[in-house]
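One structure follows; several queries about it will come next.
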Amino acid sequence: MRNRFILPCLAVCAILALFGCVKDGYEGPSLNELFGEFEIIDSLTLSTTSPDFSIDEAVEFSATFNKPVNWQLEIQGLSSGSSKAFSGFSQALDNGAVVWTGTSSSLPFFELEDCAVALSIANEGVVLHDTLTITGLANFEGIRVADFDAGLPEGALVWRQDGGNMTFQLADDNPLLGTGYFKMGGKVGWDWSLGYIDIPVDFSDATVAASEFYLNLGVLSGTVGIPATDQFLNVSISESDAPFDDNQANNGADVFGAGNEVYRHQIRPVDWNGWEFITVPYADFEVKHEGGDNIRTPGDITAIRIACQACPFNASAACPENADRDVQTDVDFLIFTEYSDLFGQE
Amino acid sequence: MMIRPKGLLLVSFCLWMSLCTAQERPTVWFDGLSRSLFARDAMGAGSPADSVSERSTSAGYNLLDLNVHVNPTSDMEVMAQLRVRNELGGFFGTGTTVDVRQLTLRGTIDDKIRYQVGDMFLRQTRFTLFNSASDAEALSAGFQPYRDVIDYENFYGDNRWRLQGLQTDFSLQFARFIRTLAVDAFITRPRGSVLTSSGTYLSDRLLGGASAVADITKQWQLGLHHVNLFEVPNSGTMDVAVRNPVHCAVVHHQQSGERWTHETTLHAGTSNRTWVFAAEDQNDLTSSGAFWELDSQHESRDSLWNWNVGYRYVEPEFRSAAAQTRRLDWSSAMQPSTFATYTNDQLARRLSVFDLLVDPLLYNQALAPQLMQFNPFLSNVSPYGDGTPNRMGVFGSLEWGGMKKAVNAALNLTALSEVIGQGTENRRRFGRAECRIHWAAPNLLNIEKGVDLTFHSKAELTRRDGNELEELDLRSIQSSMELKAGLSDELTMHVSASNWTASGEEFLSIRDAYGNLFNFEAVQVDRSDWIFASGLSYKWNKHTYASIQYQWWGANDREEAIPDFQYQRLFFILAIDL
């Protein structure tokens, strides 16, 4: 009985052993390459050192090493302090893997200025340096809604309360980008709403999903004193196909009223000093008014409202300290981008 | 108080439906568990200077898990587990939650086919669907109350994964050729469609499987098992979906002699993992692997001796998500729940073994299609259980229970190597020796109810030859000893000491989102963790007990940049099995 069992088992094991052999070669990258001596095969080179980004020029960076390494490339604006960073793990920067179109990784944006370029391979203690000069500013990819450089966007409506120190006007003393920006602020004691700007748009060319459609907006506060308590921006997006401003007796556009398909996102609180750049995917907007299919569809967007709001100091005595503070939620450079936010662009 | 209305509505609906469909008066019965836990942590005298962190903290909770069983008919049961939990210090409803923790409907159709819908606990073979124990659990002498909490909170019972779905099984008896055939099939959803922070929706992830086990004769048994973890692309907005079918055949033979019982089991199977891309110009990524294992077990008829020997071969490309998913995922951001930062520089404190032994929130319950990262300090030989890919070699064990069962001694030995080298043609070789001795001395030291002494030790060795860049030598030893003295039938005093030490170097595999190995991270390990504990336990029965313990624990790292730390804990638990 035992032999009857053992023999078939041995036969099976012999067959399996044939398929259970050691394999030649190795898995993954070579350790000798990864942890061996580091060499630079081709040093850092730039396709151009005086890019004019305004005519869609780009800078392509290239370098080749003898092994894959963790690298980080940083471009630093020597005047603005702006920076743009790329990083990766590879043996070479080539074939258009690292292309810069003049964007930055965070505020501030680059100016017409000299820039320092540093390619760091931290594990090897190696840094390669170069310089370039920006001769034309970046054309950001996206749907530019308002930059306030040449006035208000066409067809825009502005409404504000009759409060104190109300701004709601164009200004050029401290723009985020370009030459102008739009001031939104003042002092209103009886109501949360101070005012808003309504902008008609046509996004019918946009085909991406709401999760890949980003609102990008610069917001300035804190330059006229301590920011007011609970001041914020209420951004509404309408997908209503009703006329933008048919009833001129209304305060602002009609398409944001009840019964229209409207989505909302609050930038709240606005409690910083200086410019901040806000990016948010359209998918994160909540339903404000049900009036359509309740599906956020970028191609159906017809209007945008940016409303300035703050905790009132008089109506419910909720924020009495705001009696001594001016609300400031100035805005600049409203642009929608596809697939990534503005800082995610190359 | 936070009440989850959806859960309560669901329970109410199920109960109502069950009652409506009942032809007879339903039976309702209850069981469950109640637990009170309190822990007070304090910095030890040997901790580095830290005037920023609090010197001590305390936390605890009371909870009641009430299992409501309703039998609307004799062959149907609805079970809902309702949890009421109150954090210590929460008064007037603050910090109190009411939750539905489990919901299951089960029954039989015509006394032949069993089914269950809802929460279920599934397991197949060690290569297809299996919840392997974590690295930190092997040695936990004196930590059984913590072990109970972690297993209970994470549903780690009997090496099963907790899943939600539909399962059915039945068995058939035959007059010829085979004696019986048992069939089991299930479909579950380990993950629903999820909105990520980037605004994309992850697809539904489903796990389906089936088993057919036939008793051919009294000696021979044949089993066929299949599981498939897959994603439904249409349910999300991702442009990639995974499929991971695994097949396994098991041949089992058992034979009884006059003095010995012999059992031999052969596992063999294949796996395939494919990343399917939505873009037509992107080729799917497929990897296929196989495994086999032969295990021969022998037990003396008097149960005095028990030994086994076997051989296992698992190809590097073998991927089985439901068997290789780890309880501890070191690639996730796991943080200590107490004293997360330390020293005046507020350094992030690394997890010590004590954290792993006591904190149930560190553990994972989600099946993953990629290999999770592991920590070579704890285990380097089989970090993904017996289904660890790229391993081949022998294993065996010897167990002896003598002196009228007063002594139980076990020795497990494993010698494995890689099937293919990683980063070099030289392959790693692994060795593991594990020894466990339990001695129940009835009259030692004149203690009326006797003394229980347990010693458990595990040593691991990883080596690789080669040049100075390829060479590896990682050694670890983990030891634990516990002394329990019975002061009465119910009251026990216990003292335990545990130590985990490892030193050497290793390369961690860095894989991309699709599991491709593209980089290595060189790590130096030279540290030891330790725990001393003493306390009293009063046990009414196995699951109803009270225990109070004082624990001293800490870690020492030879690297000067990582300061040592030392803490103490007073711990109390009262667990009542309802």
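Just so you know, all these numbers are worked out from the coordinates, no wet-lab data involved. Just so it is clear, the structure is predicted and the values come from calculations on it, not from any experiment. Every residue, glycine among them, receives a Cβ derived from its backbone with ideal geometry; neighbour counts consider all protein chains shown.
In the protein assembly as shown, with Lys and Arg counted as +1 and Asp and Glu as -1 at Cβ, which of these residues, A:F61, A:S238, B:L66, has the Cα nearest the positive end of the dipole, that is, farthest along it?
Positive-end residue among those listed: B:L66.
Might you report the magnitude of the Cβ-based charge dipole of the protein assembly as shown about its Cα centre, with Lys and Arg at +1 and Asp and Glu at -1, to the nearest 20 debye?
The dipole magnitude comes to about 5900 debye.
Please list the non-local residues whose amide H lies under 5 Å from the amide H of B:I216, H modeled 1.01 Å from N, same-chain partners needing a gap of 5 or more.
Placed amide hydrogens put B:R179, B:Q221, B:L222 under 5 Å from B:I216.
Mind sorting B:I531, B:I437 by how few other Cβ atoms lie within 10 Å of their own Cβ, fewest first?
Listing B:I531, B:I437 from fewest to most nearby Cβ atoms yields B:I437, B:I531.
Tell me, Kirkwood radius of the range B:281-386 from alpha-carbon pair distances, in Å?
Mean inverse Cα-Cα distance, inverted, gives 17.6 Å.
Let me ask something additional. From the square roots a ≥ b ≥ c of the eigenvalues of the alpha-carbon gyration tensor of the range A:19-114, which class results: rounded (a/c under 1.5), prolate (a/b over b/c), or oblate?
It is prolate, given that a/c is not under 1.5 and a/b is the larger ratio.
Convex hull over the alpha-carbon atoms of the range A:49-179: what's its volume per residue in Å³?
Convex hull volume per residue, Cα atoms: 150 Å³.
Okay, next question. How many times 2.2 N^0.38 Å is the alpha carbon radius of gyration of the range A:227-282?
It is 1.42.
Moving on to the next point. Once label points are set 7 Å from the Cα along Cα→Cβ at both B:E54 and A:D42, what is their separation, rounded to one decimal in nm?
If labels sit at B:E54 and A:D42, their model points lie 5.9 nm apart.
List the equivalent ellipsoid semi-axes of the range B:510-556 in whole Å, largest first, each obtained as the square root of 5λ for an eigenvalue λ of the Cα gyration tensor.
42, 20, 6
Separate question: Based on Cβ point charges of +1 for Lys and Arg and -1 for Asp and Glu, what charge dipole magnitude is obtained for chain B about its Cα centre, in debye rounded to the nearest 20?
1320 debye
On to the next question. Give me B:Y61, B:Y363 ranked fewest to most by other Cβ atoms within 10 Å of their Cβ, as a rough exposure proxy.
B:Y61, B:Y363
Please compute the modelled spin-label separation between B:I178 and A:R268, points set 7 Å along Cα→Cβ, answer in nm with one decimal.
Taking the two extended label points, one gets 6.4 nm.
How much length would be gained if the chain were fully extended between B:S300 and B:K112, taking 0.36 nm per residue of separation minus their Cα-Cα distance, in nm to one decimal?
Taking 0.36 nm per residue and subtracting the Cα distance, the gain is 64.0 nm.
Let me ask something additional. B:R179: net charge of surrounding residues, Cβ under 11 Å, Lys/Arg +1, Asp/Glu -1, itself excluded?
+1
Related question: How far apart, in nm, are the 7 Å Cα→Cβ label points at B:A415 and B:Q365?
Rounded to a tenth, the inter-label distance reads 4.3 nm.
From the square roots a ≥ b ≥ c of the eigenvalues of the alpha-carbon gyration tensor of the range B:339-476, which class results: rounded (a/c under 1.5), prolate (a/b over b/c), or oblate?
Here the range B:339-476 falls in the oblate category.
I've got another one for you. From the mean inverse distance of alpha carbon pairs (Kirkwood) and the Cα radius of gyration, derive Rg over Rh for chain B.
0.96
With the alpha-carbon atoms as the only input, what is the per residue convex hull volume for the protein assembly as shown in Å³?
Spread over its residues, the Cα hull of the protein assembly as shown gives 234 Å³ apiece.
What's the lysine pair count for chain B at a Cα cut-off below 29 Å, pairs eight or more apart or interchain?
Taking the Cα cut-off of 29 Å, the pair count is 18.
State the number of lysine pairs found in chain A whose Cα atoms come within less than 29 Å, restricting to pairs 8 or more positions apart or on distinct chains.
5
Show that you can apply the helix-only estimate: for chain A, add -39,500 (n - 2.57) for every DSSP H stretch of four or more residues, divide by all residues, and state [θ] at 222 nm to the nearest 500.
Rounded to the nearest 500, the figure is -2000 deg cm²/dmol.
Determine the shape class of the range B:43-180: with a ≥ b ≥ c the square roots of the Cα gyration tensor eigenvalues, call it rounded for a/c under 1.5, and otherwise prolate if a/b is greater than b/c, oblate otherwise.
The shape class here is oblate.
I've got another one for you. Out of the trypsin sites (Lys or Arg not before Pro) in the range B:272-340, which ones are loop residues according to DSSP with at most 14 other C-beta atoms within 10 Å?
B:R301
Next question. Compute the FRET efficiency between B:V84 and A:E286 as 1/(1 + (r/R0)^6), taking r as their Cβ-Cβ distance and R0 = 30 Å, and round to the nearest 0.05.
Step by step, r from the Cβ atoms, then E = 0.40.
Now for a separate question. How much FRET efficiency would the formula 1/(1 + (r/R0)^6) give for B:E153 and B:S534, where r is the Cβ-Cβ distance and R0 is 25 Å, rounded to 0.05?
0.50
Here is a further query. Would you mind checking the radius of gyration and Dmax of the range A:112-233 based on alpha-carbon positions, in Å?
20.2, 63
If you don't mind, there's one more thing I want to ask. Looking only at the range B:207-225, which residues have a backbone nitrogen under 16 Å from a spot 7 Å from the Cα of B:T261 in the C-beta direction?
Inside the label zone: B:218-221.
So what is the 222 nm mean residue ellipticity for chain B from helices alone, if each DSSP H run of at least 4 adds -39500 (n - 2.57) and you divide by all residues, rounding to the nearest 500 deg cm²/dmol?
Helix-only estimate at 222 nm: -2000 deg cm²/dmol.
Set the Förster distance to 25 Å, then compute FRET efficiency between B:D526 and B:S397 from the Cβ-Cβ distance, nearest 0.05.
For R0 = 25 Å, the calculated efficiency reads 0.25.
In debye to the nearest 20, how big a dipole does chain A give about its Cα centre with +1 on each Lys and Arg Cβ and -1 on each Asp and Glu Cβ?
1520 debye
Which one, B:T27, A:W190, B:F121, is farthest towards the positive end of the dipole of the protein assembly as shown when Lys and Arg carry +1 and Asp and Glu -1 on their Cβ?
Farthest towards the positive end: B:T27.
Then there's this: Considering only B:A440, B:F518, B:G466, whose Cα is most displaced toward the positive end of the charge dipole of the range B:423-549, charges sitting on Cβ of Lys, Arg (+1) and Asp, Glu (-1)?
The Cα lying farthest towards the positive end belongs to B:A440.
Here's a follow-up. Taking the Cβ of A:I41 as the centre, find all other residues whose Cβ is under 11 Å away and add up their charges (Lys, Arg: +1; Asp, Glu: -1).
-2
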